[in-house]
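A short write-up of the structure that comes next.
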Amino acid sequence: MMLKKFYKFIILPYTIFLLYLMFFGMGRMQYEDHIVRIKPIFSTVWFIQETISWFDIIKIVLGNVIMFIPFGFLGWIFPQLNNLKRLIITFVSTIVIVEALQYFSRLGVFDVDDIILNTFGVFLGFLIRNFLERRFESYVK
(Lines give C-alpha, C1' and ligand atoms only; values in the text may rest on other atoms or scores of the structure.)
Protein backbone atom coordinates (compact mmCIF):
# COMPACT_ATOMS: atom_id res chain seq x y z
CA MET A 1 0.00 0.00 0.00
CA MET A 2 2.75 2.39 0.92
CA LEU A 3 4.62 2.06 -2.39
CA LYS A 4 1.51 2.79 -4.48
CA LYS A 5 0.62 5.81 -2.34
CA PHE A 6 4.16 7.16 -2.67
CA TYR A 7 4.05 6.63 -6.44
CA LYS A 8 0.71 8.45 -6.75
CA PHE A 9 2.17 11.34 -4.76
CA ILE A 10 5.45 11.62 -6.69
CA ILE A 11 4.59 10.86 -10.36
CA LEU A 12 3.10 14.28 -11.21
CA PRO A 13 6.04 16.33 -9.84
CA TYR A 14 8.39 13.80 -11.47
CA THR A 15 6.65 14.24 -14.83
CA ILE A 16 6.88 18.03 -14.56
CA PHE A 17 10.58 17.76 -13.67
CA LEU A 18 11.19 15.45 -16.64
CA LEU A 19 9.38 17.81 -19.02
CA TYR A 20 11.50 20.66 -17.67
CA LEU A 21 14.65 18.65 -18.45
CA MET A 22 13.37 17.79 -21.93
CA PHE A 23 12.71 21.42 -22.85
CA PHE A 24 14.90 23.64 -20.67
CA GLY A 25 17.29 21.56 -18.58
CA MET A 26 20.98 20.76 -18.95
CA GLY A 27 21.82 24.09 -20.56
CA ARG A 28 19.40 23.54 -23.45
CA MET A 29 19.23 26.42 -25.88
CA GLN A 30 16.81 26.98 -28.73
CA TYR A 31 18.13 25.58 -32.02
CA GLU A 32 18.23 27.82 -35.08
CA ASP A 33 16.64 25.12 -37.23
CA HIS A 34 14.01 22.46 -36.73
CA ILE A 35 15.81 19.13 -36.48
CA VAL A 36 14.36 15.67 -37.11
CA ARG A 37 16.29 12.42 -36.66
CA ILE A 38 14.20 9.62 -38.11
CA LYS A 39 16.76 6.91 -38.81
CA PRO A 40 16.42 4.54 -35.86
CA ILE A 41 19.68 3.63 -34.12
CA PHE A 42 21.87 5.63 -36.54
CA SER A 43 21.58 8.91 -34.67
CA THR A 44 22.51 7.20 -31.40
CA VAL A 45 25.48 5.44 -33.01
CA TRP A 46 26.53 8.76 -34.58
CA PHE A 47 26.18 10.48 -31.20
CA ILE A 48 28.39 7.84 -29.56
CA GLN A 49 31.01 8.13 -32.31
CA GLU A 50 31.05 11.95 -32.15
CA THR A 51 31.06 12.26 -28.36
CA ILE A 52 34.39 12.15 -26.59
CA SER A 53 33.06 11.85 -23.05
CA TRP A 54 31.81 8.43 -21.95
CA PHE A 55 29.97 10.20 -19.15
CA ASP A 56 27.93 12.16 -21.73
CA ILE A 57 27.20 8.97 -23.67
CA ILE A 58 26.00 7.15 -20.56
CA LYS A 59 24.05 10.18 -19.33
CA ILE A 60 22.15 10.62 -22.60
CA VAL A 61 21.64 7.04 -23.77
CA LEU A 62 20.97 5.40 -20.41
CA GLY A 63 19.15 8.49 -19.17
CA ASN A 64 16.69 8.14 -22.03
CA VAL A 65 15.88 4.66 -20.72
CA ILE A 66 16.18 5.01 -16.93
CA MET A 67 14.30 8.31 -16.60
CA PHE A 68 11.20 6.72 -18.16
CA ILE A 69 11.06 3.55 -16.03
CA PRO A 70 8.58 5.17 -13.57
CA PHE A 71 5.99 5.45 -16.35
CA GLY A 72 5.84 1.65 -16.49
CA PHE A 73 4.01 1.88 -13.15
CA LEU A 74 1.15 4.05 -14.47
CA GLY A 75 -1.24 1.11 -14.12
CA TRP A 76 -1.23 1.83 -10.39
CA ILE A 77 -3.06 5.08 -11.10
CA PHE A 78 -4.84 4.24 -14.36
CA PRO A 79 -6.03 0.59 -14.24
CA GLN A 80 -6.56 0.49 -18.02
CA LEU A 81 -2.75 0.84 -18.33
CA ASN A 82 -2.19 -2.48 -16.54
CA ASN A 83 -2.25 -3.96 -20.04
CA LEU A 84 1.22 -3.72 -21.62
CA LYS A 85 -0.08 -3.15 -25.15
CA ARG A 86 -2.36 -0.31 -24.02
CA LEU A 87 0.41 1.21 -21.88
CA ILE A 88 2.88 1.19 -24.78
CA ILE A 89 0.36 2.60 -27.28
CA THR A 90 -0.61 5.37 -24.83
CA PHE A 91 3.00 6.16 -23.98
CA VAL A 92 4.23 6.20 -27.59
CA SER A 93 1.33 8.49 -28.55
CA THR A 94 2.25 10.85 -25.71
CA ILE A 95 6.02 10.84 -26.29
CA VAL A 96 5.53 11.51 -30.02
CA ILE A 97 3.57 14.64 -29.04
CA VAL A 98 6.36 15.69 -26.65
CA GLU A 99 9.01 15.09 -29.33
CA ALA A 100 6.91 17.11 -31.81
CA LEU A 101 6.69 19.95 -29.28
CA GLN A 102 10.48 19.85 -28.95
CA TYR A 103 10.72 20.06 -32.74
CA PHE A 104 8.24 22.93 -33.16
CA SER A 105 9.65 24.92 -30.23
CA ARG A 106 13.22 24.17 -31.40
CA LEU A 107 13.98 23.43 -27.72
CA GLY A 108 15.00 19.94 -28.70
CA VAL A 109 15.09 17.52 -31.58
CA PHE A 110 12.42 15.15 -32.84
CA ASP A 111 14.42 11.95 -32.47
CA VAL A 112 13.04 8.48 -33.20
CA ASP A 113 15.81 6.98 -31.05
CA ASP A 114 14.54 8.96 -28.06
CA ILE A 115 11.09 7.46 -28.62
CA ILE A 116 12.57 3.94 -28.83
CA LEU A 117 14.79 4.38 -25.75
CA ASN A 118 12.04 6.07 -23.71
CA THR A 119 9.58 3.31 -24.63
CA PHE A 120 12.13 0.67 -23.64
CA GLY A 121 12.33 2.42 -20.26
CA VAL A 122 8.54 2.20 -19.87
CA PHE A 123 8.69 -1.50 -20.80
CA LEU A 124 11.39 -2.10 -18.17
CA GLY A 125 9.28 -0.21 -15.63
CA PHE A 126 6.30 -2.42 -16.47
CA LEU A 127 8.43 -5.54 -15.90
CA ILE A 128 9.80 -4.15 -12.62
CA ARG A 129 6.30 -3.26 -11.45
CA ASN A 130 5.06 -6.78 -12.17
CA PHE A 131 8.06 -8.26 -10.35
CA LEU A 132 7.49 -6.03 -7.31
CA GLU A 133 3.79 -6.90 -7.22
CA ARG A 134 4.55 -10.62 -7.24
CA ARG A 135 7.58 -10.58 -4.93
CA PHE A 136 6.54 -7.96 -2.38
CA GLU A 137 2.77 -8.16 -2.58
CA SER A 138 2.13 -6.92 0.96
CA TYR A 139 4.28 -3.78 0.48
CA VAL A 140 2.87 -2.86 -2.91
CA LYS A 141 -0.90 -3.36 -2.64
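The values are calculated or read from the model by the stated rules, or taken from the named source; none is laboratory data. Keep in mind that this is a model prediction, so the values were computed, not measured. Please note: Cβ atoms are built from the backbone with ideal geometry, for glycine as well, and neighbour counts cover all protein chains shown. These area figures cover heavy atoms from the full protein model, side chains too; ligands, DNA and RNA do not enter into them. Shrake-Rupley method; radii C 1.70, N 1.55, O 1.52, S 1.80 Å.
Among the residues that make up the range 44-52, is at least one of them closer than 23 Å to I97 by Cβ, modelled with pLDDT of 70 or more and out of contact with any strand residue (DSSP E or B) (no Cβ under 6 Å at 6 or more places or on another chain)?
No.
How many residues does the range 110-123 hold that are open to solvent by 70 Å² or more (accessible area, probe 1.4 Å) and either closer than 20 Å to G25 by Cα or modelled with pLDDT under 95 (or both)?
Count: 1.
I need a count of the residues in the range 80-109 that are open to solvent by 20 Å² or more (accessible area, probe 1.4 Å) and in contact with a Lys or Arg (Cβ under 7 Å, 6 or more places away or on another chain).
Count: 2.
Considering each residue of the range 61-79, count those that are out of contact with any Ser or Thr (no Cβ under 8 Å at 6 or more places or on another chain), part of a loop (DSSP other than H, G, I, E, B) and either open to solvent by less than 20 Å² (accessible area, probe 1.4 Å) or touching a residue at least 40 places away in the same chain (Cβ under 8 Å) (or both), and give that number.
Number of matching residues: 2.
Return the only residue of F120, F104 being in a helix (DSSP H, G or I) and within 11 Å of the chain's Cα centre (by Cα).
On the way: F104 fails: within 11 Å of the chain's Cα centre (by Cα).
None of the others qualify; the one that does is F120.
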